[in-house]
Amino acid sequence: MTKRLEGRSEPILDPELPILDSHMHLMNVPGHPYLLDDYLADAQAGHNVVGSIYCEAKTFARTDGPEHMRPLGEVEFANGVAAMCASGALGRCHVAAGIIGHADLTEGARIGELLDRCMQTAPDRFRAVRLATLDYPDERPFQFILSFKPRRGLLDHPALPEGLRALSERGLIFDAAIYDMSMPRLAEHADAHPDLTFVLGHIGNFVGVDMSPTERAEAFSRWQRDLRALAERPNVMCKIGGLGMPQSGFGLHENEAETTWEDMAGHWRPFVETGIEVFGVERCMMESNFPPDGRAGGFVPTWNAYKYLTRAFSEDERRDLFGRNAARIYRIDVPGL
């Protein structure tokens, strides 16, 4: 159950700081819809969210035609949302100013047909592809996935390198959706494709649920080590967020009381600080990851927590973290940054 409406009465920290939300979704999951009106209500609740980058959730994908071409429907949907918001009729927030679509890169070179159509459909916005390559030795993190169960073993699929080359040839980005134990394998792909930009989602998606304190400490040490090694690849960028999902093991989704930004910041501090430290300010982007992170608490306290945890940085550095880096990396122009 989402807690995303919590915290709307909280004071807004640094209300003038422009935010380009580098990772959000619109979802039409039965029983858990989160569409444009929902995101705009969150984005207009007090923070200065001037725009967002839409990330695939298979929302309104086509239901007929060749299987590998069906994700085009979601790009058409997201581009329509972006056009409505760019008109100014719905407020200042340019939702879906950049679009990360879905593509089954294990189709190899054949997937180029879809990529070309997506680029033609949204030439000013389509910038990246995300393929969920979620692997873990047991079922712990998968129990919380509401929308779909990902195929396993995709990072080792023999046709994936050809699909990654198709992205590189078109100047597109690969947004990586992995669990933390896959960071060494992702590093190998980054080495094999030095001309392709990789964006690591959710600081590597730490899994810490259902662990003893000793197991969790060991998992955190491994996450730190692997994150530092991955950051040595200059073609890898990092999104700071995703910490509200239950698989991280903070238990915020189980709170009976309203989750405050202080609660979030207290749990998230070592992950946010490590992520920015190892990648550097210039390679990091802040994300809401809503609505999935809404299971921990509200949109307002989520951004308050990230603002608080980055308060030691200069004004210029914070403007980079909260918006300008995402605009640069995804090559989009959003007013207000």
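A short reminder: the numbers here are calculations on the coordinates, not readings from a lab. Given the structure is predicted, the values throughout are model-derived calculations rather than measurements. In this analysis, Cβ positions are derived from the backbone assuming ideal geometry, glycine residues included, and neighbour counts consider all displayed protein chains.
Laid out as a table, the results:
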item	result
Dipole magnitude (debye, nearest 20) for region 1-149, charges at Cβ of Lys, Arg, Asp, Glu	120
In Å, descending, principal axis extents of the Cα set of region 138-229	45, 31, 21
Region 160-303, Rg to Rh (Cα coordinates; Rh as Kirkwood inverse mean 1/r)	0.99
Cα-based equivalent ellipsoid of region 66-147: semi-axis lengths in Å, sorted from largest, via gyration tensor	27, 20, 9
Extent along principal axes [Cα atoms of region 1-73; Å; largest to smallest]	49, 26, 15
Helical contribution to [θ] at 222 nm, DSSP H n ≥ 4, -39,500 (n - 2.57), averaged over the chain, rounded to 500	-10000 deg cm²/dmol
P(r) of region 29-179 over all Cα-Cα pairs, binned every 5 Å from zero, in whole percent	2, 9, 17, 20, 19, 16, 11, 6, 2, 0
The chain - charge dipole about Cα centre, Lys and Arg +1 at Cβ, Asp and Glu -1, debye rounded to 20	380
Furthest towards positive pole of dipole, A43, G98, V300, structure part region 18-329, Cβ charges	G98
Cβ-derived FRET efficiency at R0 56 Å, R152 paired with D316, nearest 0.05	0.85
Peptides ranked, highest mean first, by Cβ atoms within 10 Å: ranges 148-157, 204-213, 288-297, 5-14	288-297, 204-213, 5-14, 148-157
Efficiency of FRET from Cβ geometry, H68 and R8, R₀ 30 Å, rounded to 0.05	0.10
Percent of C-alpha pairs per 5 Å bin, region 292-337, short to long	5, 19, 22, 19, 23, 12, 1
Relative contact order of region 202-311, defined on C-alpha pairs under 8 angstrom at six or more residues apart (%)	34
Relative exposure of I111, I332, judged by other C-beta atoms within 10 Å (fewest first)	I332, I111
Nitroxide proxy distance, nm - points 7 Å out along Cα→Cβ at R117 and Q143	4.0
Equivalent ellipsoid semi-axes, region 218-313, via Cα gyration tensor eigenvalues times 5, rooted, Å	23, 15, 11
Residue order, fewest to most surrounding Cβ atoms within 10 angstrom, among E218, E16, E76, E56	E16, E218, E76, E56
Ranking of H47, H102 by count of other Cβ atoms within 10 Å, fewest first	H102, H47
Label-point gap, in nm, between A192 and F60 - each point 7 angstrom along Cα→Cβ	3.5
